[in-house]
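The values are calculated or read from the model by the stated rules, or taken from the named source; none is laboratory data. What you are looking at is a predicted structure, and each value in this text was computed from that prediction instead of being measured. Reconstructed Cβ throughout: ideal geometry from the backbone, glycine too, with neighbour counts over all protein chains shown. The area values use the complete protein model at the heavy-atom level, side chains included, leaving out ligands, DNA and RNA. Shrake-Rupley method; radii C 1.70, N 1.55, O 1.52, S 1.80 Å.
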Amino acid sequence: MSSSDYGQHYSVQKEDILKLLKEHFSTEDNLNFADLTFGAGGHTTAMANLFPNAKLYSFDQDPDALANGQEHLIKNNLKDRVCLIDSNFVNFDNVLEEDLKFDAVLLDAGVSSHQFDTGERGFSFRFDAPLDMRMNPKSSDPTAADLLNELSMEELQSIFSEYGEEKFSKTIAKNIVEQRSQKPIRTTKELEDICFHSYPKKLRFGKISPATKVFQALRIKVNKELDVLSEVIGRVIPRLKNGGLFMIISFHSLEDRIVKHGFKSWKDDNYPIEILTKKPILPSSQEIFENSRSRSAKLRVIKKVNDWPSKNKYAKKE
Ligand SMILES: C[S@@+](CC[C@H](N)C(=O)[O-])C[C@H]1O[C@@H](n2cnc3c(N)ncnc32)[C@H](O)[C@@H]1O
């Protein structure tokens with residue numbers, strides 16, 4: 001697959017996002033939006049189309065997404081209003097002008113279908129490929145293969161159990177270390193095979209493959225997904241205008257916990273935000289039927305509320 005093979009893309013909870021925006025803003029307003037995870041550009045495009053006077057700042061760290069994005073913006077006549085930013089979203093604060101504030105910021109976490117479905121990226125054991133898994137393969141960060149061959153058995157076990165909730169993490173880590181002592185582990189199929197043989201025989205052909213959780217865990221570790229998610233919350237919130245929304249779609253309990261606690265800690269610290277989702281907004285059954293990837297999605301939203309100087313300790317800093 002190349003950058004031009006993005007094809008048809010289903011943007012998770014798009015209707016929920018548009019509904020929230022319509023409830024809070026007039027479509028005629030001059031607004032500043034940020035989309036921290038451009039991907040195939042589905043959310044960015046929908047937001048730009050619904051709000052014809054809005055300006056969007058859309059981030060991605062994947063060169064394929066960015067190359068496809070440039071073509072997509074030209075084709076859709078959005079080049080003047082959407083600024084595509086080649087950066088990890090954790091740099092949100094550093095790459096944007098200091099006084100730029102936002103009416104809404106969206107983060108749709110995780111990897112894209114394009115990344116999963118592009119065999120040579122190494123995200124999926126459906127394809128035999130080098131174990132890379134970096135969303136930004138141009139970075140100098142270690143690949144999944146580097147981690148598998150360099151980390152200790154204890155470190156591997158804790159990654160598989162913490163980020164993958166993998167029950168057989170200890171056996172898998174032990175078998176990885178045994179195997180790599182003979183020859184480095186380089187490919188998706190080699191790792192899939194180790195996971196398969198680490199499972200008890202009667203559990204090897206269950207509903208999910210013995211490799212699924214290990215692949216998820218490694219991907220999260222390689223891309224520091226939980227660290228950047230946790231950090232970006234504190235970078236975005238001070239950049240919201242009064243009335244501004246921060247909307248985060250997460251896909252597993254580890255991410256959702258970070259979002260829930262991250263929002264709550266700013267609120268508990270008396271920063272003027274309102275948590276609009278006491279319980280997360282879930283995709284409709286129709287959406288799950290149309291796109292099974294959305295089944296684990298959870299959308300949490302906060303709103304920056306009016307800022308009375310006497311009421312909060314951050315007032316003077318802004
Ligand atoms: C789930 S997809 C987003 C799909 C998008 N919302 C759409 O409607 O097409 C996630 C995208 O975000 C990017 N991404 C994930 N984490 C990132 C990060 N920390 N910084 C920048 N981009 C990131 C990935 O490269 C991927 O292209």
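Summary table below
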{"item": "Subset of segment 143-164 (residues that are buried (at least 17 other Cβ atoms within 10 Å of the Cβ) and assigned to a loop (DSSP other than H, G, I, E, B))", "result": "Thr143, Leu151"}
{"item": "Flag if Leu100 is surrounded by fewer than 20 Cβ atoms within 10 Å (Cβ to Cβ), in contact (Cβ under 8 Å) with a residue 40 or more places away in the chain and not hydroxyl-bearing (Ser, Thr, Tyr)", "result": "yes"}
{"item": "The listed residue being over 22 Å from Pro283 (Cα atoms), within 7 Å of the ligand (Cβ to nearest atom) and either in a helix (DSSP H, G or I) or assigned by TED's automatic domain parsing to the domain that holds Ile249 (or both), out of Phe59, Phe38", "result": "Phe59"}
{"item": "Residue match in segment 165-177 (condition: closer than 16 Å to Phe215 by Cβ, crowded, with 18+ Cβ neighbours inside 10 Å and of a type in the set (D, E, K, R))", "result": "yes"}
{"item": "Some residue of segment 9-24 being closer than 22 Å to Gln115 by Cβ, at pLDDT below 95 and either surrounded by fewer than 22 Cβ atoms within 10 Å (Cβ to Cβ) or within 12 Å of the ligand (Cβ to nearest atom) (or both)", "result": "yes"}
{"item": "Members of segment 84-113 that are hydrophobic (A, V, I, L, M, F, W, C), away from the ligand (no atom under 14 Å from the Cβ) and not in a loop (DSSP other than H, G, I, E, B)", "result": "Phe102"}
{"item": "Residue that is nearest to the ligand (Cβ to nearest atom) [pool: residues in segment 64-83 that are crowded, with 19+ Cβ neighbours inside 10 Å and assigned to a helix (DSSP H, G or I)]", "result": "Ala65"}
{"item": "Matching option when the condition is within 23 Å of the chain's Cα centre (by Cα) and free of Cβ contacts under 8 Å to residues at least 40 places away in the same chain, among Leu151, Leu147, Leu156, Leu131", "result": "Leu156"}
{"item": "Residue within segment 32-53 that is surrounded by 13 or more Cβ atoms within 10 Å (Cβ to Cβ), of a type in the set (Phe, Trp, Tyr) and out of contact with any helix residue (DSSP H, G or I) (no Cβ under 9 Å at 6 or more places or on another chain) present", "result": "no"}
{"item": "The listed residue being open to solvent by 40 Å² or more (accessible area, probe 1.4 Å) and of a type in the set (Val, Ile, Thr), out of Val105, Val111, Val95", "result": "Val95"}
{"item": "Among the residues listed as Leu36, Leu84, Leu31, the single one being over 23 Å from the mean Cα position of the chain (by Cα) and among the hydrophobic types (A, V, I, L, M, F, W, C)", "result": "Leu31"}
{"item": "Residue ID - least open to solvent (accessible area, probe 1.4 Å), chosen from residues in segment 268-295 that are in contact (Cβ under 8 Å) with a residue 12 or more places away in the chain and in a helix (DSSP H, G or I)", "result": "Ser294"}
{"item": "In segment 188-211, the residues that are open to solvent by less than 50 Å² (accessible area, probe 1.4 Å), free of Cβ contacts under 8 Å to residues at least 60 places away in the same chain and closer than 16 Å to Gly122 by Cβ", "result": "Ile194, Cys195"}
{"item": "Qualifying helices (runs of 4 or more DSSP H) (wholly inside segment 188-264; at least 3 residues being among the aliphatic types (A, V, I, L, M))", "result": "212-222, 225-236"}
